[in-house]
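Data first, discussion second: the structure below is written as structure tokens.
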Amino acid sequence: MENMLPKDSEIAALLPEYTPEGDVTRVVLTNGTALVFRRTMRATLSALARRRCKDVALLRRWAARYTRRTLNNPIAASADLVLAPVKTRRPRVGGDNTMAHINVAALASPEPEPEKPRGRKALRGRQETAVIALSGGAKVRTLWSERTALAHIGDARRIRAELVRDEEEAVLRRLMQRG
């Protein structure tokens, strides 16, 4: 399965989805197209981490140093793939994954857009939820408020900035050694 997954820089989002075949992961690409992997979100995330010889649990624990949270931490597989978790669906049964993962390197706009609730939700006075615009034109509707989604995306952006800074410093060190 690792060979079938797109490059880190091509991934815009990973979305959990229910289908007649079961729980699958829809991979939205930066060009706007989507691929469906007949694997759960957990298996897809593990495959992405494994191809870089990393572990998802360790990546989340490492990110906790930056977020000071114990749950829903970003997954930083590389500078090109820093995944911010956002809640996009309600579970049908216990243990279902409800979190999508948005690659902050593939965001089209700096902030999520608010979406007013419709139907029964609007009648109950529910707050606005967020819609996240991705490069390639795709949009991801979340079940979180704009404020919560923005906080998680901001944490992932800070982690990505740290990774990019580390990569730039490594390149400069190599160039200085040659020169």
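No lab work stands behind these numbers, since they all come straight from the coordinates. Since the model is a prediction, treat every value here as computed from it, not as a measurement. Don't worry about glycine lacking a Cβ; one is built from the backbone with ideal geometry, like all the others, and counts go over all protein chains shown.
Among the residues making up the stretch 148-179, those that are of a type in the set (A, V, I, L, M, F, W, C) and under 14 Å from Asp80 (Cβ atoms) are Ala156, Ile159, Ala161, Leu163, Val164. Here is the figure for the stretch 28-43: residues that are without any contact (Cβ under 8 Å) to a residue 40 or more places away in the chain and within 21 Å of Gly95 (Cα to Cα) total 4.
Taking (1) closer than 19 Å to Val104 by Cα; (2) not in a loop (DSSP other than H, G, I, E, B) in turn, Gly32 satisfies each apart from (2). Consider Ala12 carefully, then state whether it is under 22 Å from Gly136 (Cα atoms), touching a residue at least 40 places away in the same chain (Cβ under 8 Å) and buried (at least 18 other Cβ atoms within 10 Å of the Cβ). Against the criterion (under 22 Å from Gly136 (Cα atoms), touching a residue at least 40 places away in the same chain (Cβ under 8 Å) and buried (at least 18 other Cβ atoms within 10 Å of the Cβ)), Ala12 qualifies.
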